[in-house]
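The values are calculated or read from the model by the stated rules, or taken from the named source; none is laboratory data. This is a predicted model, so every value here is computed, not measured. Glycine also receives a Cβ, built like all others from the backbone with ideal geometry; neighbour counts cover every protein chain displayed.
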Amino acid sequence: MIYFDHNATTPIDDRVLEAMLPFLKTFYGNPSSLYRQGRIVRSAMDSAREQVAALVGVQPTQVIFTSGGTEANNLALTAIKPQAALAVSTIEHPSVSEPAENLSHQGHDLKLIAVDHNGLVTQQALDKIIKFKPTLVSIMLANNETGVIQNVANYAHQLRDKGILVHTDAVQALGKIPIDFNQLGVNMMSLSSHKIYGSKGCGALIFDKDVSLKPMLLGGGQQQGFRAGTENVPAIIGFGKAAELARLELAQRAEHSLKLRTLLEDHLATIPGIFIFAKNAERLPNTVQFGIEGMDGEMLLMKLDQKGVAVSSGSACASGGGKPSPVLAAMGVTPELAKSAIRVSFGKDNTKAEINQFIELLKNLINPD
Ligand code: PLP
């Protein structure tokens, strides 16, 4: 199989699995237990927390482990003050946009931050939002469909000057571009393990001292009381290892991805009717989303699948819904072109030969004669 869907999920790295296995078999103690087994597990979990913290430049106490990016995003939005207003961009992942909608149903005023044709928040949109005086704003760092990278540091600087709390969903950016929480200047940031060769069901919310979170899970008081429940130890150990590897290998992985992306885009440019979304915007090195005039993206996805190639027609969570992507709609892409969208997202183990094979298949599927 040619796997070109790393923005949906990544395979577990063998080195990550190796780090996890002892915590599934030998070291099964509860990290809250006071005897030796518990203490060993606690100490390993503390190291994983340090590894995740190091990847984004924070202190380990700023890391709350969650069940994934979705939970981290939901938890971040609990920082909204009572009766207060919030704003989120129009291209957020559903794990931000849906809890935001939910807060609006509970009486919070919600405003959407518009993006331009490249999927970038504009200064004009930001100025409007600042006038609206929300207490919390969420703008993702990199988009899961187009790969477009927002200038979060610039927005956060302006918002925080006005006393507005800033959250960024960095799930897709993690491990693909360098991230420094303090340089970004945000108050909260969401991460996920299974996008960086760790296991599924694990993520983290990074937060700073200005944030007052309301825990969604109450109980045993784990993780400074912000997220009760016995921690998913093997997954957390794996997340730590995956974070360490991402930190050490980030430059090399990004360079490799960019080479593949350039090769793919050069080939795509020779096929008539293909349009690369946000081509001229700063994008993740591993992501290309394109539309093909007159094609049905989901149909093409199925045909590629029959040939052993895994791609996405948009966000994995939304696929199968048959609706054109809200992200592309927010960028002003017509529903017809949006429905033809295919997203290719590379990983560290993809090769140039796979790109060449993919291009041949794509050409044959678009023009069968
Ligand atoms: N945020 C973004 C941008 C994503 O792409 C995803 C997953 O696709 C999530 C959040 C959710 O993360 P998880 O699958 O860990 O819940």
- Considering every residue within segment 56-79, establish whether at least one is at pLDDT 95 or above, exposed (fewer than 14 other Cβ atoms within 10 Å of the Cβ), under 24 Å from the mean Cα position of the chain (by Cα) and farther than 26 Å from Val115 by Cα. yes
- Across (1) within 16 Å of the ligand (Cβ to nearest atom); (2) among the polar types (S, T, N, Q); (3) part of a loop (DSSP other than H, G, I, E, B), Thr168 clears everything bar (3)
- State yes or no: is Ala153 among the small types (Gly, Ala, Ser) and within 16 Å of the ligand (Cβ to nearest atom)? no
- Task: Just one of (1) surrounded by fewer than 17 Cβ atoms within 10 Å (Cβ to Cβ); (2) in contact (Cβ under 8 Å) with a residue 24 or more places away in the chain trips up Ile129, so point out which.
- Result: (1)
- Query: Yes or no: Gly219 without any contact (Cβ under 8 Å) to a residue 60 or more places away in the chain and away from the ligand (no atom under 16 Å from the Cβ)?
  - Reply: yes
- For segment 175-197, how many residues are near the ligand (Cβ under 10 Å from one of its atoms) and either small (Gly, Ala, Ser) or closer than 26 Å to Leu103 by Cβ (or both)? 5
- Query: Based on what the data block shows, is Phe226 touching a residue at least 24 places away in the same chain (Cβ under 8 Å), surrounded by 24 or more Cβ atoms within 10 Å (Cβ to Cβ) and assigned by TED's automatic domain parsing to the domain that holds Pro31?
  - Reply: no
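Per-residue answers, yes or no, for (1) within 16 Å of the ligand (Cβ to nearest atom); (2) surrounded by fewer than 16 Cβ atoms within 10 Å (Cβ to Cβ):
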| site | (1), (2) |
| --- | --- |
| Leu86 | no, no |
| Pro99 | yes, no |
| Leu112 | no, no |
| Gln124 | no, yes |
- Flag for Thr70 being in contact (Cβ under 8 Å) with a residue 24 or more places away in the chain, assigned to a loop (DSSP other than H, G, I, E, B), on the phi < 0 side of the Ramachandran plot and within 12 Å of the ligand (Cβ to nearest atom): no
